[in-house]
Amino acid sequence: MHLKKPLTVLNVGNTHVHLFDLMENGSLVRREVLATADFAESPVRWLDESRQFAASSVVPAVTRILSSLGVFVVSPEMTFPFSVRKLDLSTVGADRLANAARLTEGKLPAVCIDFGTAVTFEIVTESGEFTGGAIMPGRMLLRHALHDYTAQLPLLPLEDSVPELPGRCTRDAMRIGTDLAAVGAVREILSGLEKQFPSAFLRKVACGGDRHFFLGYLELEDGGDDFTPQGVRRIWECNC
């Protein structure tokens, strides 16, 4: 694709904003990772006039700012590379729309599991229909639930491993309870989805900042750091 200006894709999450530059060969190269709060204070600083921008955003305040600045921001009213029949797109976040769009560029049926602040599931059928998915708390939200609604349980950082059962201290018990609960929930949801496609292999793709932890426990394809931004790029191509 010949571009008048080179394209930068922004993936605005609840915690971080990831900026990727589109290369001539179609690959995306990460340029910057910023705290969402920092980006929201001065987004113009990162919007170079020599480039054009496309974004997905799950933060309404940032979405409004980017739209007012003329940035292409994924929204339910756009043209997509997937079909929709029963799904109410007006309730679906831009990141989930981008994930579904990216799935259409690979083997179908497929599900994307996006491991971020929340864990989201997007399902695209063999015929290319985006049928919906599921949303559950991510590992950090589970930790916050224990800390925020009890008097003594600490707020624990994320770690790459889980202690052996049984937990020998409160911190280990909390890590086991939150992390294995998350793994078990993802496994149960995927088991239910696989039953909906008994005659076809369901491709299962992981993306998001916390995916590496789950890849150690579940048999998933690693979609890479640019999975969602590539979906934004795909939607941008459908509308430009």
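The values are calculated or read from the model by the stated rules, or taken from the named source; none is laboratory data. Please read these numbers as outputs of a predicted model, since none were measured by experiment. Because the Cβ atoms are built from the backbone with ideal geometry, glycine has one as well, and the counts that use them run over all protein chains shown.
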**Those residues of region 209-233 which are in contact with a Cys (Cβ under 9 Å, 6 or more places away or on another chain) and part of a strand (DSSP E or B), in sequence order** = 222
**Complete:** Checking 201, 130, 214 in turn, the sole residue that is assigned by TED's automatic domain parsing to the domain that holds residue 80 and at pLDDT below 95 turns out to be 201
**Item:** Some residue of region 86-96 being farther than 29 Å from residue 214 by Cβ, more than 16 Å from the chain's Cα centre (by Cα) and not in a helix (DSSP H, G or I)
**Value:** no
**Asked** Somewhere in region 173-190, is a residue outside any helix (DSSP H, G or I) and not β-branched (Val, Ile, Thr)?
**Response** no
**Fill in**
Subset of region 132-152, residues within 22 Å of residue 214 (Cα to Cα) and not in a helix (DSSP H, G or I), comes to 132, 133, 134, 135, 136, 137, 138
**Prompt:** Among all residue pairs at least 6 apart or on different chains, which show Cβ distances below 8 Å where the first residue, located in region 141-170, is under 23 Å from residue 119 (Cα atoms) and the second is surrounded by 10 or more Cβ atoms within 10 Å (Cβ to Cβ) and aromatic (Phe, Trp, Tyr)?
**Reply:** 158/213; 160/213
**Item:** All positions within region 10-57 that are of a type in the set (Gly, Ala, Ser), assigned to a strand (DSSP E or B) and surrounded by 15 or more Cβ atoms within 10 Å (Cβ to Cβ)
**Value:** 54, 55, 56, 57
